[in-house]
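A.B. asks: Submitted below is the structure of interest, expressed as structure tokens.
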Amino acid sequence: MKKNIVYILLGIFLLASCQQENEIPSGKGYLSVEGIELQSQVVTEVVSRAVDESLTVDLYKGGELVRTLTPEEMQNKIELDPATDYMLKVYSANYGEKSTWDNETMGEPVYYKDVSFVVTEGATTPLKVQVPMITFAVCLDMSAVTGNWLQRYTFTVTYGSRSVTLQNGETAYFSYAEETSFSYQLSITNSDNESQVQSGSWGTEDGETVAQNTVYTVTYNWATQSLTVE
């Protein structure tokens, strides 16, 4: 009988201890970062607690930087004062560098996302963040050309004041502006020493829109000897 009473008391103490561990301190709330990943063109399920370590995550309150969160810190709940003006800014290391790209530079994918959130007293705010590429890109595909037919070619893609020359399989990245288009030109010399120049554009026709987080592939069609954009 005495043993049963001891077991019951121990059970009560353990239950009380577990409840205390799960209780949120009075006057506090929590942020739970359940996932931060780069967003691909095909959005996939964010793995719980996954944090892409190539990204910087800054915590703001009222427009002021509180601190930069570490991947280790984001594996656990983050205790914060209740407020309605919190924000996470998530970005790649090259964010802000795209303005320095010139005609000789291929550029890089640049990622950025900001998310506002509220911390409520006695509650946990969960966040999952997909971070998109805020640039767009143009890739050249000449893989359909066979044999020795193609002797020389020059392909140039132009967006705004920047023109970049690409070889087969290469990709150029551009900073994004709304309601704009890009143009391209391919100059070819074939095995018969015949030359031809083909030009085109994307974003000038109805239904065409240049969009962020998108790679546009300009493909040379061997059958029609023409260019298409996908």
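The values are calculated or read from the model by the stated rules, or taken from the named source; none is laboratory data. None of these values were measured; they are calculated from a predicted model. Glycine also receives a Cβ, built like all others from the backbone with ideal geometry; neighbour counts cover every protein chain displayed.
A.B. asks: Going by what's in this entry, would Thr158 be described as in contact with a Phe, Trp or Tyr (Cβ under 9 Å, 6 or more places away or on another chain), of a type in the set (S, T, N, Q) and surrounded by 13 or more Cβ atoms within 10 Å (Cβ to Cβ)?
C.D. replies: So Thr158 passes the test.
A.B. asks: Between residues in segment 97-122 that are within 30 Å of Lys77 (Cβ to Cβ) and residues that are charged (D, E, K, R) and part of a strand (DSSP E or B), which pairs lie under 8 Å by C-beta distance while being six or more apart or on different chains?
C.D. replies: From segment 97-122, the pairs are Tyr112/Lys89; Lys113/Lys89; Asp114/Lys89; Ser116/Asp85.
A.B. asks: Give the residues of segment 167-200 that are without any contact (Cβ under 8 Å) to a residue 24 or more places away in the chain, under 20 Å from Trp101 (Cβ atoms) and among the charged types (D, E, K, R), sorted by residue number.
C.D. replies: Answer for segment 167-200, where residues must be without any contact (Cβ under 8 Å) to a residue 24 or more places away in the chain, under 20 Å from Trp101 (Cβ atoms) and among the charged types (D, E, K, R): just Glu178.
A.B. asks: Enumerate the pairs (first residue in segment 207-223 and within 23 Å of Leu150 (Cβ to Cβ); second residue anywhere and polar (S, T, N, Q)) with beta-carbon separation below 7 Å, excluding pairs fewer than 6 apart on the same chain, so at least 6 apart or on different chains.
C.D. replies: Cβ pairs passing all conditions: Thr219/Thr228; Asn221/Thr228; Trp222/Thr146.
A.B. asks: Let me ask you something else. Please go through segment 177-205 and pick out each residue that is more than 16 Å from Thr217 (Cα to Cα) and modelled with pLDDT of 90 or more.
C.D. replies: Once the filter is applied, which keeps residues that are more than 16 Å from Thr217 (Cα to Cα) and modelled with pLDDT of 90 or more, segment 177-205 yields Ser187, Val197.
A.B. asks: Say we look at segment 40-69 and pick out the residues that are at pLDDT below 55 and of a type in the set (D, E, K, R); which of these is nearest to the chain's Cα centre (by Cα)?
C.D. replies: Glu45
A.B. asks: Which of (1) on the phi > 0 side of the Ramachandran plot; (2) out of contact with any Gly (no Cβ under 9 Å at 6 or more places or on another chain) is the odd one out, the single condition Glu179 does not satisfy?
C.D. replies: Checking Glu179 against (1) on the phi > 0 side of the Ramachandran plot; (2) out of contact with any Gly (no Cβ under 9 Å at 6 or more places or on another chain), the one that fails is (2).
A.B. asks: Filter segment 82-100 down to residues that are farther than 12 Å from Thr135 by Cα and assigned to a loop (DSSP other than H, G, I, E, B), then give me how many there are.
C.D. replies: 2
A.B. asks: With segment 157-229 as the region, which strands (runs of 3 or more DSSP E) entirely inside it contain at least 2 residues that are more than 21 Å from Thr105 (Cα to Cα)?
C.D. replies: Numbers: elements: 162-166, 171-175, 182-190, 195-202, 215-221, 226-229.
The strands (runs of 3 or more DSSP E) meeting that bar are 182-190, 195-202, 215-221, 226-229.
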